[in-house]
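Note sheet for the following structure.
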Amino acid sequence: MSTLTLEATRLTADPARLQARLETFAALSEPGSGPGVTRLAYTPLEREAHAVFADEMRSLGLTVWTDAAGNTIAERGGTVPGLPALGTGSHLDSVPNAGAYDGIAGVVAAMETARLYDQHDVAHAHPVRFIAFAAEEGARFGQACTGSRIVAGLTGPEDLAAKRDAHGTTMADALRAVGFSPEEVAEARWQPEEWAAFVELHIEQGSVLESTGTPIGVVDLISGSTRVLLEVAGRASHTGGTPMHLRADAMAAAAEIVLLIESVANDSRHHGTRATVGRMDATPGSITTIAGKVELYVDVRDVDSDRQRLTAAEIVERAQALCVRRGVRLTAHTLADASPVILPGWLRESVAGTCRRLGVDYRVLPSGASHDAQMVNRVVPTGMVFVPSRDGISHSPVEWTGADELALGTDVLASALLALDRLLAPTRGQDDCHRDHHHGDRKETGA
Ligand code: GLV
Ligand code: MN
Ligand code: MN
């Protein structure tokens, strides 16, 4: 392997190759599921996508394995034996009726990076791992980032047995059905000493980059989320026979709760809080029956962990009072809870330095969405690169990022990893001090 210097050669991603991979993954969608891509967590289709990733990585001569959580990891060896790994990647599952980019952009960028290193015979001191995480989306089981939570030691067998999808299938059973053993997921855990740094590329899923005409975002904070299931129990009864004043209408109470949640997040004390009811299930769900029960799925997101939890608690308390007034009963269950994360400043500055060296305009910005980066940062210092999302839309079939925009993000990613390789490689006589120094700079984060 020859040594490539960043000054001498710019690694330039191929937009057509990126686009072709995006289309290959987009074709793996649940038949009859409607518009866009539906490839839910821990389904056979998700596994098919992982196999596509693994095949290309193997074709480049990388060592590929799948861990006990279903994450697929491809390693390109480093030139200095025994060094910890650099990593990049994102997820291959989707929400229902998704676009083709959320998660996938980061995986195809990782694949392109591996291909560029191969083509240009790039040598790096640290091994570099290209990763497709499993089950990042919380859409199926309520909890997001399961594959990365497992590697970070944040989710174990009890949690997998407790989380259920809309059909009542537990996450543990879903894992079994695609060939994994939920009892063994701890084997997938990452140890801090095995890792040097990680960088995830993702679409922004917001409109800051597009509206400011900036091609690259470097993420400083990632929002947390508290997810709560509110069950409103009223009294099912005939819509014609029951006078208005004798009703205990769970649907009317639920409607008021939805508006309450919107107003809580909009009020002046909650700047930056995002609270949403994205799903509501009514029972018995008939046009001629007053709803006896309504379940509301509430997602509270914030970059301030106290405010996130306090807002969720305030919503439950005020919904409770509202239900008492309406003569219905409220029960609240926490479905999932993840803290916001501050990504390490030194790593952000290193990625920003790569942008400056490449002459690429960037801005530092927070992420409103959750990411695998948020979880793996518990184990390995992590950075994130954002590329623009057209109209800021995501979790929708119209989600779109130009292949050229993704290619520029990939250029930054491929070079940023090499810059980190140089930054973190032990210099003679210094051994591991350099790396330890950077680990020491890490901010305490929770997830
Ligand atoms: C993950 O995509 C999220 O919902 O933030
Ligand atoms: Mn994502
Ligand atoms: Mn998503």
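The values are calculated or read from the model by the stated rules, or taken from the named source; none is laboratory data. Computed from a prediction, not measured in an experiment: that's the story for all the values here. So basically every Cβ, Gly included, is an ideal-geometry build from the backbone, and we count neighbours across all protein chains shown. Only protein heavy atoms, including side chains, enter the accessible area calculation; ligands, DNA and RNA are left aside. Shrake-Rupley method; radii C 1.70, N 1.55, O 1.52, S 1.80 Å.
If you go through the range 151-164, how many residues are of a type in the set (A, V, I, L, M, F, W, C) and outside any helix (DSSP H, G or I)?
Selection size over the range 151-164: 2.
All but one of (1) in a helix (DSSP H, G or I); (2) open to solvent by less than 40 Å² (accessible area, probe 1.4 Å) hold for ALA321; which doesn't?
(2)
Name the pairs: first residue in the range 380-407 and on the phi > 0 side of the Ramachandran plot, second residue acidic (Asp, Glu) and away from ligand 3 (no atom under 16 Å from the Cβ), Cβ to Cβ under 7 Å, at least 6 apart or on different chains?
So the pair list comes out as GLY392/GLU210.
Output yes when any residue across the range 227-237 is in a helix (DSSP H, G or I) and farther than 30 Å from TYR362 by Cα, and no when none is.
No, every residue in the range 227-237 fails to be in a helix (DSSP H, G or I) and farther than 30 Å from TYR362 by Cα.
Could you tell me which of the residues LEU40, LEU92, LEU83 is within 16 Å of ligand 2 (Cβ to nearest atom), open to solvent by 20 Å² or more (accessible area, probe 1.4 Å) and closer than 26 Å to ALA186 by Cα?
LEU40
Tally time: how many residues in the range 319-371 are among the charged types (D, E, K, R) and either closer than 20 Å to VAL298 by Cβ or within 16 Å of ligand 1 (Cβ to nearest atom) (or both)?
Selection size over the range 319-371: 4.
Pairs please, first residue from the range 102-113 and farther than 13 Å from VAL385 by Cβ, second anywhere and small (Gly, Ala, Ser) and within 12 Å of ligand 1 (Cβ to nearest atom), Cβ atoms under 6 Å, 6+ apart in sequence or on different chains.
ASP102/SER394; GLY103/SER90; VAL107/SER90
Any residue that is closer than 30 Å to GLY142 by Cβ, out of contact with any Lys or Arg (no Cβ under 9 Å at 6 or more places or on another chain), open to solvent by 20 Å² or more (accessible area, probe 1.4 Å) and assigned to a helix (DSSP H, G or I) - is there at least one of those in the range 406-424?
Checking the range 406-424: not a single residue is closer than 30 Å to GLY142 by Cβ, out of contact with any Lys or Arg (no Cβ under 9 Å at 6 or more places or on another chain), open to solvent by 20 Å² or more (accessible area, probe 1.4 Å) and assigned to a helix (DSSP H, G or I).
Name the single residue, out of those in the range 279-304 being open to solvent by 40 Å² or more (accessible area, probe 1.4 Å) and within 25 Å of LEU365 (Cα to Cα), that is farthest from the chain's Cα centre (by Cα).
Selected residue: ASP304.
Do any strands (runs of 3 or more DSSP E) lying entirely in the range 40-150 carry at least 2 residues that are within 16 Å of ligand 3 (Cβ to nearest atom) and modelled with pLDDT of 95 or more, and which ones are they?
Of the strands (runs of 3 or more DSSP E) lying wholly inside the range 40-150, those with at least 2 residues that are within 16 Å of ligand 3 (Cβ to nearest atom) and modelled with pLDDT of 95 or more span 85-91, 128-133.
Is it the case that ALA110 is within 14 Å of ligand 2 (Cβ to nearest atom) and open to solvent by less than 10 Å² (accessible area, probe 1.4 Å)?
Yes, satisfied.
Is it true that GLY392 is under 20 Å from the mean Cα position of the chain (by Cα), farther than 22 Å from THR226 by Cα and open to solvent by 10 Å² or more (accessible area, probe 1.4 Å)?
yes
Every residue in the range 330-361 that is of a type in the set (D, E, K, R) and surrounded by 17 or more Cβ atoms within 10 Å (Cβ to Cβ), please.
ASP337, ARG348
Residues of the range 238-268 being open to solvent by 10 Å² or more (accessible area, probe 1.4 Å), in a loop (DSSP other than H, G, I, E, B) and touching a residue at least 40 places away in the same chain (Cβ under 8 Å), which ones?
THR239, GLY240, THR242, ARG247, ASP249
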